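Below is one structure, written out as structure tokens; the observations come after it.
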Amino acid sequence: MLRPPIESAQYRAIRYTQRLADTGAVASVGSKGDSYDNAMAEAFNSLYKAELVRNRGPWRGLDDLEIATVEYIDWYNNRRLHGELGHAPPAEYEALHAMTHPVTATLETS
């Protein structure tokens, strides 16, 4: 019996799972319908919908929304002030963190 070839996404998932096992890490996987392990992504998606999709729509087409999304991500990361980050944009906060917390260990990859 011939089997269909493994899709590249499946191959990456297998390698990812193996890499987690090699390092002793456990993947965080929620059950269907919840987002307890994905709260940050869910919070961002909520902001994205509120600040861009609903406030600036309706959209003429998918291309317009895609361009606006790229612009939104740039604004969100480089200019939007985040209260959780001391009223700084994420890029600024990350740069400051990197300067004050130098990396002392390296990760070996195979």
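The values are calculated or read from the model by the stated rules, or taken from the named source; none is laboratory data. Not measured: the values here are computed from a predicted model. Positions of Cβ are backbone-derived with ideal geometry, glycine not excepted, and every protein chain shown enters the neighbour counts.
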Please go through region 70-110 and give me each residue that is under 20 Å from SER46 (Cβ atoms) and β-branched (Val, Ile, Thr), ordered by number.
VAL70, ILE73
Enumeration of residues in region 1-35 that are modelled with pLDDT under 75, hydroxyl-bearing (Ser, Thr, Tyr) and in a helix (DSSP H, G or I):
SER8, TYR11
What do you reckon, is GLU108 surrounded by 10 or more Cβ atoms within 10 Å (Cβ to Cβ) and modelled with pLDDT under 95?
no
